[in-house]
Every structure is written in C-alpha cells, then in structure tokens.
1. List the trypsin sites (Lys or Arg not before Pro) within region A:54-111 that DSSP assigns to loop and that have no more than 11 neighbouring Cβ atoms inside 10 Å.
2. What net charge is computed for the residues neighbouring A:His110, neighbours being all others with C-beta under 14 Å from the C-beta of A:His110, Lys and Arg scored +1, Asp and Glu -1?
3. Can you give me the C-alpha center-to-center distance between region A:17-77 and region B:1-80, rounded to a whole angstrom?
4. Using only the alpha carbon atoms of the protein assembly as shown, find the Kirkwood hydrodynamic radius as the inverse mean reciprocal pair distance, in angstroms to one decimal.
5. By its C-alpha gyration tensor, with a ≥ b ≥ c as the square roots of the eigenvalues, how is chain A shaped: rounded for a/c under 1.5, else prolate for a/b larger than b/c, else oblate?
6. Please report, in whole Å³, the volume per residue of the convex hull around the C-alpha atoms of region A:1-61.
7. Counting pairwise Cα distances across chain B, what percent come out greater than 19 angstrom?
8. Among A:Lys2/A:Lys45; A:Lys2/A:Lys42; A:Lys2/B:Lys15; A:Lys45/B:Lys54; A:Lys98/B:Lys51, which pairs are too far apart, with a Cα-Cα distance over 18 Å?
Amino acid sequence: RKEVEQDPGPFNVPEGATVAFNCTYSNSASQSFFWYRQDCRKEPKLLMSVYSSGNEDGRFTAQLNRASQYISLLIRDSKLSDSATYLCVVTRSGGYNKLIFGAGTRLAVHP
Amino acid sequence: EAGVTQFPSHSVIEKGQTVTLRCDPISGHDNLYWYRRVMGKEIKFLLHFVKESKQDESGMPNNRFLAERTGGTYSTLKVQPAELEDSGVYFCASSQDYRNGSTEAFFGQGTRLTVV
C-alpha cells in the first residue's frame, strides 16, 4: 500500500466550478502536510501547508483530519489557470522534512 | 535570487553509460534533496544532505547511484552504469535549516533522463 494515496483523476470541470480533492496517508506518525501543484513538465511548487484547524488561502481551502488520516483541498471558482496536477505531500516525524508524495490528482478546467 | 538550478535539463544516454546530474541549491540552504519520478509513478525520495553530510539515503535504488555534495554547496548524482529503468525525471530540492522555522522545499526544474 502506498504511504500517500490520491485519486489520480482527471477531474474535468468548467470554469467557476468548485472541486475537491482527497488524500489519505497511512503513517500515523506523519507530521506535516502540504499540497503542491505541478504544471506539465515543470517542477512541483508549494501551494499551501495544511493545518489541523483547516486553513484558507483565497479560493483554496485545505483540511486535515488526523484521526482519519485524511487531507482535502477545495478549490472554489475554478480558473483555467488552475489546471495542473495537485500533489498531496506529507513528512514523517523526525524526517528532516523528507517529503512523501502522493501520485497526484490531475485537474483540467475548461471554458 | 536564483532558485534551485539543475543541469542538464535533458539527457539521453545508452544503457551502460554513465551520467552525472548536477544541482545548485538556493544559496544558504543547508538541506538538499534528490527525488525521482519514473513514468506513471509518484515522485520518490532518493536522499537528503544536510550541508555536506548524507542525512538519509534510504531511497537510493542501488549502488549504481552515487550522490555527493562536496563543500556543502552544489550536489551531483551519478548513475553508473545506467539501466533502462533509471529513465525518469530527477528533481533536486533545497530548504533552509528547518530549525530556523522555514520548512518549504524549493524544487529545481528537473533533469529528464532517458536511457535507451
């Protein structure tokens, strides 16, 4: 079983739609949680960290449920420029920020 | 300020040859990581340097892979001899000393390695 599991998608949504991505992680010792974004043939870039209390950054909302070992990302009012692969990433306790990646969920926003 | 830079951006080599990938982290970043993404799979950790020391090399596939970070600045990842299954995109990332509170890892654009 993979340590970080994501639905690979693709999610095809129209502009303006709200879309939610889910992620589960298997290691209960996971310490930090992130969503990264990766555009085609580009490097991953940090989108946002995920905190237990939930956090929001503009149109993006991230939630963490430690009990269920579940992370989510909600994108409201989707833009064409949101089209990318969204990577769920965790680090392990004491892992010196060694990032453990999910395989990513592909989002395609169309006009 | 320059980001993480990797060289070359692409490399096509024959099976059995040697290839050396280079990564220049962001200046002042103690932590340097190598990751790899093979076709259709998730990005996987290879190893982690803190300055010039290998902190964790648990992700290195086998002894055909050798990473160095002499002087704690740039790093090289050598594959010798290369096999077909080594094909993929090799990413380097760097971050500040996490004890300073910054844990964000910045990635280079990757080296796309194709072994034929």
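The values are calculated or read from the model by the stated rules, or taken from the named source; none is laboratory data. As the structure is a computational prediction, the values presented were derived from the model and not from experiment. Here Cβ is always computed from backbone atoms with ideal geometry, including for glycine, and neighbour counts include all displayed protein chains. With ligands, DNA and RNA removed, areas are computed over all heavy atoms of the protein, side chains included. Shrake-Rupley method; radii C 1.70, N 1.55, O 1.52, S 1.80 Å.
1. In loop regions of region A:54-111 (DSSP not H, G, I, E or B), the sparsely surrounded trypsin sites (Lys or Arg not before Pro) are A:Lys79.
2. Result for the local shell: 0.
3. Centre-to-centre (Cα) distance: 26 Å.
4. 18.2
5. Taking the square roots of the gyration eigenvalues as a ≥ b ≥ c, chain A is prolate.
6. Measuring per residue, one finds 123 Å³ for the Cα hull of region A:1-61.
7. 40
8. Values: A:Lys2/A:Lys45 22 Å; A:Lys2/A:Lys42 24 Å; A:Lys2/B:Lys15 29 Å; A:Lys45/B:Lys54 24 Å; A:Lys98/B:Lys51 15 Å.
Those over the limit are A:Lys2/A:Lys45; A:Lys2/A:Lys42; A:Lys2/B:Lys15; A:Lys45/B:Lys54.
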